[in-house]
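Okay, structure first, notes after.
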Amino acid sequence: MKHIFILLTIFYSSTTFSQKAENIIIITTDGFRWQEIYKGMDSNIANNKKFNQDDSAYIFKKYWADDVVERRKKLMPFLWSVVEKNGQLYGNRDYQNKVNNANRYWFSYPGYNEIFTGYPDTAVNSNKYPPNPHSNLLEYINKQKGYQNKVAAFGAWDAFDRILNQERSKIPVYSAFDKTGGDNPTAAEKLINEMREDSYRPFDDEECLDVFTHYSAMNYLKTKKPKVLYISYGETDEWAHSGQYRDYLNAAHLVDKWIQDIWNYIQSDPAYKNKTALFVTVDHGRGDAKKEEWTSHNDKIKDSYQIWFAAMGPGIKAKGEVKDDQQLYQKQFAQTMANLLGMEFKAEHPVGEKIELNK
Ligand SMILES: [Zn+2]
């Protein structure tokens, strides 16, 4: 009992951050709905025979509670403990706290473009879009003093090479089945590379399972110590498209656990501790549960422009769930993240204005 108490004290005690962030970890989990973030498992979907993979007992046992606050915490326990306590969460539309795609497409490439360029260019209109002509926040940071060669991106989906324009931006982008470690991989890199190569490929060669992206990124974080690291998980979107609600929930639950692992590592390493910000969001939303449109998202699917984000760390006031009536946009994220590092993101295109997270 005493141990549990000590553990809880560590887990829930608030953290004192330094004034400005020196590092930032950016995380996305593709197309994960604000509805599940704020309300947990949706019983309309869980009870629907089309979607529950013939095993609603499993998800009800694992993720259900009658009370909404308890329920969302069962699904995303780290967000609804440490992040709620020390950071901020936006996008609960039940309080008119709205975060939207500014782009009009509501699918991935335009969404990630908007996050990293701050510019919802209507020309960026396809997931097959060629290498992004617009400069992005990661390459901007990579040119700043003290940040050269200290920026990296890991994405489950192979489109990140184009979205972040790896060739022009010169940022290492490890996407889908890319191997890490170059010509001289460490034993850990070699093992992860081999396991990824031989893994089950439900999404063909376009996207690997999140577990490989996560462990590659985590290994990079610990060994290369980047100052800016982007990790993009993809399974939440894939399982939703397949109508597999159990897998969708499990993927999100695992992402929450991985964010916790990343945060625990950061707070245990003097290079990062109390001077690293965390920014978590999505590329787009999804449709409504009752209309059975939760599986999909695009400009024909109502409400799939509705997104959310969470942030924690230096320069971010501990406000928890933000319940103010307000309208924010994805195009503001790039300047917001730059601001956390004390920078102003300058580009050849317009950039959405920053969101003040320090008040
Ligand atoms: Zn999708």
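Note on segment 235-274: residues that are closer than 30 Å to Gln19 by Cβ, assigned to a helix (DSSP H, G or I) and among the hydrophobic types (A, V, I, L, M, F, W, C) amount to 6. Scanning segment 229-269 for residues that are among the charged types (D, E, K, R) and either within 16 Å of the ligand (Cβ to nearest atom) or farther than 24 Å from Met312 by Cβ (or both) gives Glu235, Asp237, Glu238, Arg246, Asp247. The residues of segment 94-106 that are among the basic types (Lys, Arg) and within 29 Å of Phe17 (Cβ to Cβ) amount to a single one, Lys98. Evaluated against (1) buried (at least 23 other Cβ atoms within 10 Å of the Cβ); (2) aliphatic (A, V, I, L, M); (3) touching a Lys or Arg at 6+ places or on another chain (Cβ under 8 Å), Ala102 falls short on exactly one condition, (1). Residues of segment 195-207 that are among the charged types (D, E, K, R) and in a loop (DSSP other than H, G, I, E, B): Asp198, Arg201, Asp204, Asp205, Glu206. Here is a check on your reading of the model: is Asp283 closer than 27 Å to Asp205 by Cβ and of a type in the set (D, E, K, R)? Here the answer is yes, as Asp283 does meet what is asked. The residues listed here are Asp283, Asp299; of these, the one that is within 16 Å of the ligand (Cβ to nearest atom), surrounded by fewer than 18 Cβ atoms within 10 Å (Cβ to Cβ) and touching a residue at least 12 places away in the same chain (Cβ under 8 Å) is Asp299. Within segment 316-336, residues that are touching a residue at least 60 places away in the same chain (Cβ under 8 Å) and of a type in the set (Asp, Glu) have Cβ atoms under 6 Å from residues that are in a loop (DSSP other than H, G, I, E, B) and surrounded by fewer than 17 Cβ atoms within 10 Å (Cβ to Cβ) in these pairs: Asp325/Gln96, counting only partners at least 6 apart in sequence or on another chain.
Scanning segment 139-159 for residues that are surrounded by fewer than 24 Cβ atoms within 10 Å (Cβ to Cβ) and either under 17 Å from Lys224 (Cα atoms) or in contact (Cβ under 8 Å) with a residue 40 or more places away in the chain (or both) yields Tyr140, Ile141, Asn142, Gln144, Gly146, Tyr147, Gln148, Asn149, Lys150, Ala152, Asp158, Ala159.
Pairs meeting the criteria (first residue in segment 192-210 and modelled with pLDDT of 95 or more, second residue surrounded by 12 or more Cβ atoms within 10 Å (Cβ to Cβ) and of a type in the set (Lys, Arg), beta carbons under 7 Å, at least 6 apart or on different chains) are Asn193/Lys179; Cys208/Arg196.
Filtering Glu348, Glu292, Glu344 for residues that are loosely packed, with under 14 Cβ neighbours inside 10 Å and in contact with a Lys or Arg (Cβ under 9 Å, 6 or more places away or on another chain) leaves a single hit, Glu344. Is segment 336-349 home to any residue that is at pLDDT 95 or above, touching a strand residue (DSSP E or B) at 6+ places or on another chain (Cβ under 9 Å) and of a type in the set (Val, Ile, Thr)? Yes: segment 336-349 contains one or more residues that are at pLDDT 95 or above, touching a strand residue (DSSP E or B) at 6+ places or on another chain (Cβ under 9 Å) and of a type in the set (Val, Ile, Thr). Scanning segment 180-194 for residues that are more than 22 Å from the chain's Cα centre (by Cα) and either of a type outside the set (D, E, K, R) or in a loop (DSSP other than H, G, I, E, B) (or both) yields Gly181, Gly182, Asp183, Asn184, Pro185, Thr186, Ala187, Ala188, Leu191, Asn193. Here segment 25-78 is the region considered, the condition is being among the small types (Gly, Ala, Ser) and in contact (Cβ under 8 Å) with a residue 24 or more places away in the chain, and the residue that is farthest from the ligand (Cβ to nearest atom) is Ala65.
Any chance segment 219-230 includes a residue that's in contact with a helix residue (DSSP H, G or I) (Cβ under 7 Å, 6 or more places away or on another chain), hydroxyl-bearing (Ser, Thr, Tyr), under 18 Å from His284 (Cα atoms) and not in a helix (DSSP H, G or I)? There is at least one residue in segment 219-230 that is in contact with a helix residue (DSSP H, G or I) (Cβ under 7 Å, 6 or more places away or on another chain), hydroxyl-bearing (Ser, Thr, Tyr), under 18 Å from His284 (Cα atoms) and not in a helix (DSSP H, G or I).
The values are calculated or read from the model by the stated rules, or taken from the named source; none is laboratory data. Please read these numbers as outputs of a predicted model, since none were measured by experiment. Cβ atoms come from the backbone with ideal geometry, glycine included; neighbour counts cover every protein chain shown.
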